[in-house]
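Written out below as structure tokens is the structure these notes cover.
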Amino acid sequence: MIKRVLWQGLLAGTAGAVVMTLGEKAEQRLTGRPDSHVPARTLERVTGMPERPGKQPLPVNWAMHFGQAALLGVLRSTMAHAGLRGPWSSAKFTVVRLTNDQILENATGVGAPPQTWPRRELAVDLLHKAVYAFATGAVADALAARSGPGPGQRHAALRPGRRPDVGPLPREEAHGQ
């Protein structure tokens, strides 16, 4: 299962990044918002790369933008294989994506806490990260569904809802194929 989760997650996360990037580029054309260089600056700080003032190199920006998205896709794939699928799970994953960005950006001194941002900038970031999370989730869920229901889904099928009289799945059935 680990190999499946890995390759499917990397694929789902990359697909989510492509969809998010297309949305960002469309939004930037409409609003005139410039490109962000925060991903490149964050990667430079995390890795100890030399920093540059002003505009950052596009390959460095995209390495962080797509690399971070692909790696986080592995978590969403893990969720899907466990049986955490659909819009609720993608909404939860949106929070994970936002939290990951904020930890890296704030820990490196590249970013500031979102509550200090202009409201319009915050709304745009939330929208784009939600697009990423839901696109990543759709791909991860579709790929995981090819393996059948996850353990959580099989447990829920015993009797809908969270009930004290329904015990866990037998250990040998918990991980499926």
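Tabulated data
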{"quantity": "Cβ pairs under 7 Å, 6+ apart, first in segment 82-101 and closer than 18 Å to Ala142 by Cβ, second assigned to a helix (DSSP H, G or I) and open to solvent by 70 Å² or more (accessible area, probe 1.4 Å)", "calculated": "Ser90/Phe134"}
{"quantity": "Given (1) open to solvent by 50 Å² or more (accessible area, probe 1.4 Å); (2) within 11 Å of the chain's Cα centre (by Cα), index of the condition Leu58 fails", "calculated": "(2)"}
{"quantity": "Single residue of segment 136-150 satisfying the filter (touching a residue at least 40 places away in the same chain (Cβ under 8 Å) and open to solvent by 20 Å² or more (accessible area, probe 1.4 Å)) that is nearest to Leu169 (Cα to Cα)", "calculated": "Pro149"}
{"quantity": "Residues of segment 85-128 satisfying the condition of being basic (Lys, Arg) and open to solvent by 80 Å² or more (accessible area, probe 1.4 Å)", "calculated": "Lys92, Arg119, Arg120"}
{"quantity": "Looking only at segment 112-168, and only at residues there that are within 25 Å of the chain's Cα centre (by Cα) and of a type in the set (Asp, Glu), the one that is farthest from Thr31 (Cα to Cα)", "calculated": "Asp141"}
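The values are calculated or read from the model by the stated rules, or taken from the named source; none is laboratory data. A quick note: this is a predicted structure, and the numbers were derived from the prediction, not measured. Because the Cβ atoms are built from the backbone with ideal geometry, glycine has one as well, and the counts that use them run over all protein chains shown. Accessible surface areas use protein heavy atoms only, side chains included; no ligands, DNA or RNA. Shrake-Rupley method; radii C 1.70, N 1.55, O 1.52, S 1.80 Å.
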